[in-house]
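FYI, it's all coordinate maths here, none of it is from the lab. Not measured: the values here are computed from a predicted model. Because the Cβ atoms are built from the backbone with ideal geometry, glycine has one as well, and the counts that use them run over all protein chains shown.
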Amino acid sequence: MECRPGTAAAATLVIGVTVALALRGVARTEPEAGAAGPGGPLLGPRVRAWYRGLFGPTEEWLAEAGIRPDHLTYAQLVVSVLAGAAFASGAIFLAGWLTILAGTLDILDGGLARRTGLASPRGAFLDSVTDRWAEVATFAGLGVFYYREPWMLAVVALAAAASQMVSYVRARAEGVGIALVGGRAQRPERYVLLGFGAWISGLVAHLLCPSLGRQTHAVLGLAVCLLAGMAIWTAVQRTREGTAALASRSPS
Amino acid sequence: MTGRGWRPLAFLLAMLGFGLRLDTDWQVTGLLLLLAGGAVGLVLGRPTGSRPFVGGDGPR
C-alpha cells in the first residue's frame, strides 16, 4: 500500500485535538454508578457516562426518525463484517474506524431501546447473539490479515476465543442465578483496544513508512496481544467469582 | 438535533474520509467526506443554546 505520511499527519492532528477536547469533557462529567476500582472495567464509569452523554442527542434524533433498536443491532453486525473485510484487505485505519463505529452502534441500540421504551428480553437476547457474531466477523478478518504470521494468528485465535468465553461465562452464570458483571476487558473495552489499536497502527504505519521503506503494524500486534491477555484474565476472573459464589451457596 | 449532537457525526465523517485517503485509492471520495465532516462540524456543530427573551436577574 502507498505511503501517505501527509494525510496521516493531518489525521493525527485532528485526532489529537479531539482527544484533548474529549478528556476535558470526561473531566467535567459526573461518573455513572457502577463497577469501579481495581477489578472493574478498564473504561471507568466517568468515561462511560461521557460517551453516553455525547450520543444522547443522536439517540433522540434516531427515536424521532422512527429508527428501532433492532435496526441498529443489525447495522452493527453489518459494520463489524465490513471491519473484518477491512482488516483482511490490510486497510487497518479504516478497520479501526469501522470497529469504533460498530462499538458506538452497540451502545446506541441499548440507549435507544431504553429511551423509546422498547427494551425487552427479546431485544437483549438478539443483541447478545448479534454481538457474538459481530466479534467473530471482526476477528476472522484479523486472522486473514495475519495468516502469514503463525504466532500472531495464534494470538488472534486466542483473543477471539477468550472474548467469546468472557460472554459465555457470564451467560452460564446468569443461567444458574449469578450476576457476573465485573472484569477489565468487557465488550466496550475490547472495541476500544482493537479499534484504537488499529487506528494508531494505521497512522504510525503511514508516518514511519517513508523512513522504513514499508508499512509495519507493530502497534496493532501489541493491541491484539493486550486484548488476548485481558480477555483471558477477565474470563478466568469471572469463572473464579462464579465458582466461589456457587460454593458459598451449596455445601458440596 | 442540537449543535452538540452533530459533532460526533462530523468526527465520524472526517475519520472515514481520512481512512479512505490512507487505505484506499478512493482519494476524491475521501476528500469529499473530509470536507463534509468539516462543514458539519463547523456549520451545524456550533453551539445553539437558546437564549431567554427576558433576563432572570434584573427587575421587570
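The overall shape of segment A:44-242 is oblate: from the C-alpha gyration tensor, with semi-axes ordered a ≥ b ≥ c, the ratio a/c is 1.5 or greater and a/b is no larger than b/c.
The 3J(HN,Hα) values that the Karplus relation (6.51, -1.76, 1.60; θ = phi - 60°) gives for segment B:21-29 are, in residue order, 6, 7, 10, 9, 8, 7, 5, 5, 4 Hz. Gly and Pro appear as x. For segment A:149-236, trypsin sites (Lys or Arg not before Pro) meeting the loop criterion (DSSP other than H, G, I, E, B) and having at most 13 other Cβ atoms within 10 Å: A:Arg214.
Computed from phi, the 3J(HN,Hα) profile of segment A:55-68 under the Karplus parametrisation 6.51, -1.76, 1.60 (θ = phi - 60°) reads 9, x, x, 5, 4, 4, 5, 5, 5, 5, 7, x, 6, 9 Hz, with x in place of Gly and Pro. One decimal place: the segment A:Val236-A:Arg114 gains 40.8 nm when fully extended, by the rule 0.36 nm per residue minus the C-alpha distance.
Sites listed here are chymotrypsin sites (Phe, Trp or Tyr not before Pro) in segment A:91-192 whose DSSP assignment is loop and whose Cβ has at most 15 other Cβ atoms within 10 Å: A:Tyr147. Taking segment A:61-92 and a reference point 7 angstrom along Cα→Cβ of A:Leu212, the backbone N atoms nearer than 17 Å belong to A:90-92. Just in segment A:96-149: which trypsin sites (Lys or Arg not before Pro) are loop by DSSP and have at most 11 other Cβ atoms within 10 Å? Passing sites in segment A:96-149 are A:Arg148.
Taking the Cβ of A:Tyr191 as the center, what net charge do the other residues with Cβ under 12 Å away carry, scoring Lys and Arg +1 and Asp and Glu -1? Surrounding charge for A:Tyr191 is -2.
The helix-only estimate of mean residue ellipticity at 222 nm for the protein assembly as shown, built from DSSP H runs of length n ≥ 4 each weighted as -39500 (n - 2.57), is -25500 deg cm²/dmol after division by the residue total. Spin-label pair A:Leu126-B:Arg46: with each label point 7 Å from Cα along the Cα-Cβ axis, the two points sit 4.1 nm from one another. At an R0 of 30 angstrom, the distance between the Cβ atoms of A:Arg68 and A:Ala171 translates into a FRET efficiency of 0.80. Net charge in the neighbourhood of A:Thr99 (other residues with Cβ under 11 Å of its Cβ; Lys, Arg +1, Asp, Glu -1) is -1. Here A:Ala179 and A:Leu226 are evaluated by their C-beta separation; at R0 = 35 Å the FRET efficiency comes out at 0.85.
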